[in-house]
Amino acid sequence: MILTDKEILDNIKRNRILIEPFMPGCLGSNSYDVHLGKTLAVYNEDELDAKKHNQITTFDIPPEGYVLQPNMLYLGVTEEYTETHDHVPFLEGKSSIGRLGIDIHATAGKGDVGFCNYWTLEISVKLPVRVYAGMPVGQLIYFEVKGEVLTPYNKKTSAKYNDRLPIPVESMMWKNF
């Protein structure tokens, strides 16, 4: 089941969900709107290698916005830091973003119980489009889980994305080899 606005608020009060900053106007009937953080990143190489640490360059989005180009992969980050202790969070792009031809994740739309961090966005566009820091970019939806979680994500020794960083984080696939 998906949590309603009332259930999301109840879980925030009980410290089972944390959203910083939390803005009541961003709470929908069954989701919470998140915003594009001020930092984007691009990979330094045109060819990536899953067995190697592919380096990125980060840069801030200027006040006048930044034009994303097709055939590029941009890493973005949510403005919001989140913690989810009892639910599975899903991050989906807002329909208004999709209608501009912006995809905010290639495959990683689901978090794990125990995910405590900013969300790195895997951004691609169909046409050139100007984006701005702080613009609404996605919505978090929280699903109930059945049964006890033995090891939440933030307690796993194999978890690769636990460092709390308000900037995009590159793929850590190379740590699997």
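Examine the stretch 104-113 for a residue that is basic (Lys, Arg), out of contact with any Cys (no Cβ under 6 Å at 6 or more places or on another chain) and either closer than 21 Å to ASP163 by Cβ or surrounded by 14 or more Cβ atoms within 10 Å (Cβ to Cβ) (or both), and state whether such a residue exists. Yes - at least one qualifying residue is present in the stretch 104-113. Number of residues in the stretch 168-177 that are free of Cβ contacts under 8 Å to residues at least 12 places away in the same chain and either charged (D, E, K, R) or in a loop (DSSP other than H, G, I, E, B) (or both): the value is 0. Restricting attention to the stretch 157-167, the residues that are free of Cβ contacts under 8 Å to residues at least 40 places away in the same chain and surrounded by 13 or more Cβ atoms within 10 Å (Cβ to Cβ) total 2. If you go through the stretch 142-165 and keep only what is touching a helix residue (DSSP H, G or I) at 6+ places or on another chain (Cβ under 8 Å) and either assigned to a loop (DSSP other than H, G, I, E, B) or at pLDDT below 90 (or both), you end up with ALA159, LYS160, ASN162.
What number goes with the only condition from (1) assigned to a loop (DSSP other than H, G, I, E, B); (2) in contact with a Lys or Arg (Cβ under 8 Å, 6 or more places away or on another chain); (3) closer than 24 Å to PHE22 by Cβ that PRO70 does not pass? The single condition PRO70 does not satisfy is (3).
Taking ASN30 as the residue in question, decide whether it is assigned to a loop (DSSP other than H, G, I, E, B) and in contact with a Ser or Thr (Cβ under 6 Å, 6 or more places away or on another chain). Spelling it out, ASN30 is indeed assigned to a loop (DSSP other than H, G, I, E, B) and in contact with a Ser or Thr (Cβ under 6 Å, 6 or more places away or on another chain).
Under the condition of being in a loop (DSSP other than H, G, I, E, B) and of a type in the set (A, V, I, L, M), which residue from the stretch 1-25 is nearest to TYR142 (Cα to Cα)? Even if it seems obvious, please write down each step before you answer.
Here is the first cut: in the stretch 1-25, the ones in a loop (DSSP other than H, G, I, E, B) are 1, 3-4, 14-16, 21-23.
Those left that are additionally of a type in the set (A, V, I, L, M): 1, 3, 23.
Values: MET1: 8, LEU3: 6, MET23: 17 Å.
The qualifying residue nearest to TYR142 (Cα to Cα) is LEU3.
The set of residues from the stretch 54-92 being among the hydrophobic types (A, V, I, L, M, F, W, C) and under 19 Å from VAL42 (Cβ atoms) comprises ILE56, PHE59, ILE61, VAL67, LEU68, MET72, LEU73, LEU75, VAL77.
Just to be sure I understand, how many residues within the stretch 103-135 are of a type in the set (Ser, Thr, Tyr), closer than 14 Å to GLU79 by Cα and in a loop (DSSP other than H, G, I, E, B)?
Of the residues in the stretch 103-135, the ones of a type in the set (Ser, Thr, Tyr) are 107, 118, 120, 124, 132.
Adding the requirement that they be closer than 14 Å to GLU79 by Cα leaves 118, 120, 132.
Okay, now just the ones that are also in a loop (DSSP other than H, G, I, E, B), so 132.
Residues flagged as of a type in the set (Ser, Thr, Tyr), closer than 14 Å to GLU79 by Cα and in a loop (DSSP other than H, G, I, E, B) within the stretch 103-135 amount to 1.
Cβ-Cβ contacts under 6 Å between residues 6 or more apart (or on different chains), taken from a first residue in the stretch 131-144 that is more than 16 Å from GLY101 (Cβ to Cβ) and of a type in the set (D, E, K, R) to a second residue that is at pLDDT below 95 and not in a strand (DSSP E or B), are listed as GLU144/MET1. Regarding VAL149, is this residue surrounded by 16 or more Cβ atoms within 10 Å (Cβ to Cβ) and not hydroxyl-bearing (Ser, Thr, Tyr)? Taking the combined requirement at face value, the residue does not satisfy it. Note on the stretch 1-31: residues that are loosely packed, with under 10 Cβ neighbours inside 10 Å and without any contact (Cβ under 8 Å) to a residue 24 or more places away in the chain amount to 3.
Consider GLU64 carefully, then state whether it is modelled with pLDDT of 95 or more, closer than 30 Å to TRP174 by Cβ and in a loop (DSSP other than H, G, I, E, B).
Values: modelled with pLDDT of 95 or more: yes; closer than 30 Å to TRP174 by Cβ: no; in a loop (DSSP other than H, G, I, E, B): yes.
It is false that GLU64 is modelled with pLDDT of 95 or more, closer than 30 Å to TRP174 by Cβ and in a loop (DSSP other than H, G, I, E, B).
The values are calculated or read from the model by the stated rules, or taken from the named source; none is laboratory data. Since this is a predicted model, take the numbers as computed values, not measurements. All Cβ positions, even for glycine, are placed from backbone atoms using ideal geometry, and neighbour counts span all protein chains on display.
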